[in-house]
There are 2 protein chains.
Amino acid sequence: MGRIVVDIMPKPEILDPQGKAILGALPRVGIDSFSAVRQGKRFELTTEGEVGQAELDAARKAAEELLSNPIIENVVRVEAVEE
Amino acid sequence: MGRIVVDIMPKPEILDPQGKAILGALPRVGIDSFSAVRQGKRFELTTEGEVGQAELDAARKAAEELLSNPIIENVVRVEAVEE
């Protein structure tokens, strides 16, 4: 069994209201260490067998065609990870 | 300027209907390589200066107290990343 992680983030020029809301809420839990917060998505895709190039290609295709909206989001990572 | 990535995933025993929906949709774009999909969240926290232990501790605290729901989610990564 293998696993591929896909990370997707809003493009830098796109407003991220969730990230802004989190930034505004951090001081309420006593945290003022950060100047910006962006929120994106992380997907874990599980394969029956080992992860090879075919699985990585399929994950890249899924990331670009199904998991992300290419107008407002970038696929920032497609990578096999250890269990 | 520094950046810390926080990754949060639903706990393994928690149902993930979004992940299930994606798994069901993958064949429609011609992908049948995966046996499971889980969807979580990825946050990027930006610091004014370099990332040190204090910033990592603050990010861990933010992850546990604000960014995640500890009943249904696990913090799977708190890590400084290169720009």
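Rounded to the nearest 10 degrees, the inclination of helix B:53-62 to the longest alpha-carbon principal axis of chain B is 40 degrees. The other copies place their B:G52 label points at 5.0 nm from this one, listed shortest first, where each point is 7 Å from Cα along Cα→Cβ.
Selection among B:Q18, B:A54, B:S68 by position relative to the dipole of the range B:2-81 gives B:Q18 as farthest towards the positive end (Cβ unit charges, Cα centre). Remark: for residue pairs A:K11/A:K41; A:K20/B:K11; A:K11/B:K61; B:K20/B:K61, the C-alpha separation exceeds 21 Å in A:K20/B:K11; A:K11/B:K61; B:K20/B:K61.
The spacing between the range A:8-83 and the range B:1-33, judged by their C-alpha centroids, is 10 Å.
A Cβ-based charge dipole, computed about the Cα centre of the protein assembly as shown with Lys and Arg at +1 and Asp and Glu at -1, lands at about 580 debye.
Rounded to the nearest 5, the antiparallel percentage of DSSP beta bridges internal to the range A:2-81 is 100%.
Taking the Cα atoms of the range B:2-81, the ratio Rg/Rh between the radius of gyration and the Kirkwood radius comes to 1.11. Placing a label point 7 Å from the Cα of A:S35 along the Cα-to-Cβ direction, the distances to the matching points in the other copies come to 4.7 nm, shortest first. GNM remark for chain A: springs join alpha carbons under 10 Å apart, and the peak mean-square fluctuation among A:V37, A:V29, A:V51 falls on A:V29. Binned at 10 Å from 0, what are the whole-percent values of the Cα-Cα distance distribution for the protein assembly as shown, short to long? Taking all Cα pairs of the protein assembly as shown, the binned fractions are 10, 37, 34, 16, 2 percent.
With its label point put 7 Å out from Cα toward Cβ, A:I71 sits 3.7 nm from the same residue's point in the other copies, in order from shortest. Axis-proximal residue of chain B for the rotation onto chain A, reported as residue and distance in whole Å: B:R42, 2, based on Cβ position. Here the range A:2-81 is assigned +1 on the Cβ of each Lys and Arg and -1 on the Cβ of each Asp and Glu. Its dipole about the Cα centre then comes out at about 400 debye.
FYI, it's all coordinate maths here, none of it is from the lab. Because the structure is predicted, anything quoted here is derived from the model rather than measured. Counting neighbours? That spans all protein chains shown, and the Cβs are built from the backbone with ideal geometry, glycine included.
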